[in-house]
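Participant: Before anything else, here's the structure in question.
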Amino acid sequence: MTEAIKRAAIDIGFDAVAIARAEPLDQEMEHYRQWLESGYHGTMGYMERNLDSRYDVGNIVEGARSVVVVAKNYFTPHKHDSASSGKIARYAWGDDYHDVLPPMLDALCVEIAEHAPGSVSRRYTDTGPVLEKQWAVRSGLGWQGKNGNILRRDIGSWFFIGVVITTADLRPDEPMDDYCGTCTACLDACPTKAIVQPLVVDATKCISYWTIETKADVDIPLPIAENLDGWLFGCDACQDVCPWNRFETPTSEVRFQPRLGELALDPTSVLTLQPDLFSERFRRSPLKRPKLGGLQRNARALISGD
Ligand code: SF4
Ligand code: SF4
């Protein structure tokens, strides 16, 4: 049954799949609480909520026995010009994974129900109180790199994670070894020194947090604005330098190809974008998340910090 479900996940289009027992995340939760207590989550108050569900997926799906964790590669063979301003993080070049992954995860839930009749499953992809990275580590989908991202030797860290919590009793996998070794490339490359120690990212120093997660009326602090390094939306600096990303395995998903071939937006032209054009142009794009106001705030910070 486990093998059939894993084969189905690959047939649906996922690039990797691994399974963990649905046990409470004791040690992981301790680290997560410490991270919250340090205030590293900034204004992302939702991360403080539903801690019981984050700790134990049995509080989400009663009788949960297994957590199926999948990876969807989004790497496309394009690169930023290092001197360019207005850079968009790679994950946001194409369509929003919040639109692409759920139907695939739904198809996986159907497969699980077929192979484990009577089972109940729920899927998540950054859409609820599920510690997806911790489950990725538990299941052996990958290891957590010093930059906090989950890594695999075949597709590096350029992938989205999906999770299915299920009452189906599946055979778990072994955790994956950690292949970071003595490398510190990501810590050294971070323009704002947001990786405060291996595996610990202080979001309040991270360019991705400031350019994606904060509200439009919140100004980007000067020490961050002065070190945006050309990033308008998100930041890939700690992934671009990772040696495990050198293999550059391309995705099979055409929807992750850069829309209009754009890897960056001229910050000056962002400032003159009209709301109706913004809505039309970025429909089903991750760039709609900070809304036009947020994107323009980022553009202003980029221009004034240049
Ligand atoms: S995303 Fe950018 S700012 Fe954030 S930790 Fe990585 S390199 Fe640093
Ligand atoms: S850059 Fe080096 S230390 Fe950082 S995640 Fe990659 S392998 Fe690990």
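Participant: Given the residues 124, 91, which is the only one that is among the aromatic types (Phe, Trp, Tyr) and farther than 16 Å from residue 19 by Cα?
Facilitator: Of the residues listed, the single one that is among the aromatic types (Phe, Trp, Tyr) and farther than 16 Å from residue 19 by Cα is 91.
Participant: While we're here: Do we have residue 266 as under 16 Å from residue 88 (Cα atoms), within 16 Å of ligand 2 (Cβ to nearest atom) and not aliphatic (A, V, I, L, M) here? Spell out the reasoning first.
Facilitator: Numbers: under 16 Å from residue 88 (Cα atoms): yes; within 16 Å of ligand 2 (Cβ to nearest atom): no; not aliphatic (A, V, I, L, M): yes.
Taking the combined requirement at face value, the residue does not satisfy it.
Participant: Moving to a separate point now. Does residue 84 satisfy being hydroxyl-bearing (Ser, Thr, Tyr), outside any helix (DSSP H, G or I) and either within 16 Å of ligand 1 (Cβ to nearest atom) or under 24 Å from residue 260 (Cα atoms) (or both)?
Facilitator: yes
Participant: Report yes if some residue within region 225-233 is of a type outside the set (A, V, I, L, M, F, W, C), more than 12 Å from ligand 2 (Cβ to nearest atom), in a loop (DSSP other than H, G, I, E, B) and within 30 Å of residue 2 (Cβ to Cβ); otherwise report no. Can you show your working first?
Facilitator: Within region 225-233, the subset of a type outside the set (A, V, I, L, M, F, W, C) is 226-227, 229-230.
Narrowing the set further to residues that are more than 12 Å from ligand 2 (Cβ to nearest atom) leaves 226-227, 229-230.
Applying the additional criterion that residues be in a loop (DSSP other than H, G, I, E, B) yields 226-227, 229-230.
So of that shortlist, the ones also within 30 Å of residue 2 (Cβ to Cβ) come out as none.
No, region 225-233 contains no residue that is of a type outside the set (A, V, I, L, M, F, W, C), more than 12 Å from ligand 2 (Cβ to nearest atom), in a loop (DSSP other than H, G, I, E, B) and within 30 Å of residue 2 (Cβ to Cβ).
Participant: At least 1 residues that are away from ligand 1 (no atom under 16 Å from the Cβ) in each: list the strands (runs of 3 or more DSSP E) lying fully within region 102-199 that qualify.
Facilitator: Because the criterion is at least 1 residues that are away from ligand 1 (no atom under 16 Å from the Cβ), the strands (runs of 3 or more DSSP E) in region 102-199 that meet it are 121-124, 159-166.
Participant: Taking the conditions exactly as written (within 19 Å of the chain's Cα centre (by Cα), surrounded by 21 or more Cβ atoms within 10 Å (Cβ to Cβ) and away from ligand 2 (no atom under 16 Å from the Cβ)), does residue 125 satisfy them or not? Reasoning before the result, please.
Facilitator: Details: within 19 Å of the chain's Cα centre (by Cα): yes; surrounded by 21 or more Cβ atoms within 10 Å (Cβ to Cβ): yes; away from ligand 2 (no atom under 16 Å from the Cβ): yes.
Taking the combined requirement at face value, the residue satisfies it.
Participant: Taking region 189-202 on its own, how many of its residues are within 13 Å of ligand 2 (Cβ to nearest atom) and either surrounded by fewer than 21 Cβ atoms within 10 Å (Cβ to Cβ) or in the same structural domain as residue 47 (by TED's automatic domain parsing) (or both)?
Facilitator: Qualifying residue count, region 189-202: 5.
Participant: Report, by residue number, each residue of region 31-63 that is in contact with a Ser or Thr (Cβ under 6 Å, 6 or more places away or on another chain) and either polar (S, T, N, Q) or within 17 Å of residue 127 (Cβ to Cβ) (or both).
Facilitator: The first filter runs over region 31-63 and keeps only residues in contact with a Ser or Thr (Cβ under 6 Å, 6 or more places away or on another chain), leaving 42, 59-60, 63.
Residues satisfying the conditions are 59, 60.
Participant: Quick one: which residue in 186, 180 is in contact with a helix residue (DSSP H, G or I) (Cβ under 6 Å, 6 or more places away or on another chain) and within 9 Å of ligand 2 (Cβ to nearest atom)?
Facilitator: Answer to the check: 186.
Participant: Further, regarding this structure: Please identify the pairs in which a residue from region 264-293 that is more than 16 Å from residue 230 (Cβ to Cβ) has its Cβ atom under 6 Å from the Cβ atom of a residue that is loosely packed, with under 12 Cβ neighbours inside 10 Å, counting only partners at least 6 apart or on another chain.
Facilitator: Every condition considered, the pairs that remain are 292/275.
Participant: Something else: Give the number of residues within region 237-258 that are surrounded by 14 or more Cβ atoms within 10 Å (Cβ to Cβ), assigned to a helix (DSSP H, G or I) and either free of Cβ contacts under 8 Å to residues at least 24 places away in the same chain or more than 16 Å from ligand 1 (Cβ to nearest atom) (or both).
Facilitator: Number satisfying all stated conditions: 2.
The values are calculated or read from the model by the stated rules, or taken from the named source; none is laboratory data. Keep in mind that what you see is a predicted model, and the values were worked out from it rather than measured. Using ideal geometry, Cβ is built from the backbone for each residue, glycine included, and neighbour counts are taken over all protein chains shown.
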